[in-house]
Each structure stands twice: as C-alpha cells, then as structure tokens.
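Below: one structure, written as structure tokens.
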Amino acid sequence: QVLDFYQAKSEQPAPLLFFVHGGGWMTGDKANPDFLAKCLESGISVVSINYRFIPDAAEDKTVPPVKTCLDDAARALQFVRAKAGEWRIDKDRIGGCGGSAGGFTALWLAFHRDMADPASADPVARESTRLRCALAFVPQTTLDPQQLLAWIPNIQYGNHAFALPGMKEFLDKREVLMPWIQEFSPYALASSDDPPV
C-alpha cells in the first residue's frame, strides 16, 4: 500500500494529521485529504493513506473482510511513527481524521487498545497505534446490525464488512459475528481513557 506525506515547515518535530479516506471501505483514494492546506499553514504535517478494500480482502479470504481495511490503517500509523525521526514528526501528537468509513477507521484507532508489540522483531510493529485525538465527520460508529436498525430503521449498511449479501443475513448471523462486531465497532470500544474526539 502507498501513503502520501505532506511535510509542514517547522523547526521542531511537527504534529501530524493522519487522514483516512471514506468510501465504505469499497472505493476512494488518498488524494486530496481534507484540511491539507490549513494543516500545512498551521505547522501540522499530514499523511493520507490508501488501504485494501473489502473486495480485496474477500478475494484473499480474510475473515471478516473489514479486518483487512482496519489492520492496514493501523499498520500505516505504525509505519508513520517509525519514520518520525526522518520525517520530523512528533509521534506523541498524531491525530486521526476521516469521513464516513474513514471516520469510522479513525475512531476505531482512537478507541482500540494499543496494538503495538514491544517484543516484535519488526521495528514497525513495535510502534503504537494510539492517537492523541480524532476528528470524524459523518462516520459510522457501529457494525452491530441490531443497533444500526434501532438508530436508522431503513439502513442497509454494514453487511458488506462481513461479506454478507444483505441486512437479513446480517441480522441472522449477528450472534455468531458478535465477537467481531465488538472488536471492530468504535461504539463498543469507547472508554474513559480514550483521546478527545
């Protein structure tokens, strides 16, 4: 996968906006991240990432497919932190940002426990996946079909994250999928020690 790095002019290591594009994890691209000009003129560097889409994950037989999208984002964040010295980034001041599925992903990173593996032989894997703050606009916040339908009765969303054809099948498989739903839903992960959103 490829990411774009936009370096702010700064005498000190700069804070960073970590941008994840939207598109339902089905489409979209890292080009033209939101707030780019405003960040750079404010001394904030920006990274905008691409990640594998759900159809790619389904083709690779990843279960559930949405795991690939989220794992790619976490790995990209770790990679950026591994480049902090070279890119003059303050790795303690990285904020996540995105809209729609990108907002979901930013919230998931903000609320998820740290996925760093301090014992890993891979220096990138040793880096933190936690964010200092997050900005999400029009994000989905849950992949629980029951919760989605309670909030928005006519919603038809989320089943694709699990490679299911529709909401009926999603509801039918809800109990079986519940461990994944809880692992991947920002709403289920939110706790008092999370960063500001």
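The values are calculated or read from the model by the stated rules, or taken from the named source; none is laboratory data. As the structure is a computational prediction, the values presented were derived from the model and not from experiment. No Cβ is skipped: glycine too gets one built from the backbone with ideal geometry, and neighbour counts run over all protein chains shown. Ligands, DNA and RNA are excluded from the accessible area calculation, which covers all protein heavy atoms including side chains. Shrake-Rupley method; radii C 1.70, N 1.55, O 1.52, S 1.80 Å.
Quick check, is Arg126 over 25 Å from Ser185 (Cβ atoms) and of a type outside the set (A, V, I, L, M, F, W, C)? So Arg126 passes the test.
Of all residues in region 52-82, those satisfying the criterion of being in contact with a Lys or Arg (Cβ under 9 Å, 6 or more places away or on another chain), closer than 27 Å to Ala8 by Cβ and not hydrophobic (A, V, I, L, M, F, W, C) are Asp72, Gln78, Arg81. Where strands (runs of 3 or more DSSP E) sit wholly within region 1-88, those with at least 1 residues that are in contact with a helix residue (DSSP H, G or I) (Cβ under 8 Å, 6 or more places away or on another chain), modelled with pLDDT of 95 or more and crowded, with 20+ Cβ neighbours inside 10 Å occupy 14-20, 45-49. For the residues Asp4, Asp29, Asp34, Asp56, the requirement of being touching a His at 6+ places or on another chain (Cβ under 7 Å) and either over 30 Å from Leu164 (Cβ atoms) or acidic (Asp, Glu) (or both) singles out Asp29. One residue stands out in region 132-191 among those that are among the basic types (Lys, Arg) and touching a Pro at 6+ places or on another chain (Cβ under 7 Å): the one that is surrounded by the most Cβ atoms within 10 Å (Cβ to Cβ), namely Arg132. Looking across region 144-181, the residues that are over 12 Å from Pro64 (Cα atoms) and in contact (Cβ under 8 Å) with a residue 12 or more places away in the chain come down to Asp144, Pro145, Gln146, Gln147, Leu149, Ile155, Tyr157, Met167, Phe170, Leu171, Arg174. Taken as a whole, region 89-112 holds no residue that is open to solvent by 90 Å² or more (accessible area, probe 1.4 Å), in a loop (DSSP other than H, G, I, E, B) and either out of contact with any Phe, Trp or Tyr (no Cβ under 6 Å at 6 or more places or on another chain) or not β-branched (Val, Ile, Thr) (or both).
Can you confirm whether region 114-127 contains a residue that is surrounded by 21 or more Cβ atoms within 10 Å (Cβ to Cβ) and not in a loop (DSSP other than H, G, I, E, B)?
no
Annotation note: Cβ proximity below 8 Å between a residue of region 120-135 that is in contact (Cβ under 8 Å) with a residue 12 or more places away in the chain and of a type in the set (S, T, N, Q) and a residue that is in a loop (DSSP other than H, G, I, E, B) and surrounded by 15 or more Cβ atoms within 10 Å (Cβ to Cβ) (sequence gap 6+ or interchain) occurs for Ser128/Ala116; Thr129/His112; Thr129/Met115; Thr129/Ala116. Figure legend. Inter-residue proximity from region 43-62: first residues free of Cβ contacts under 8 Å to residues at least 12 places away in the same chain, second residues surrounded by fewer than 17 Cβ atoms within 10 Å (Cβ to Cβ) and part of a helix (DSSP H, G or I), beta-carbon distance below 9 Å, spacing 6+ or different chains. Indicated pairs: Thr62/Asp56; Thr62/Asp71.
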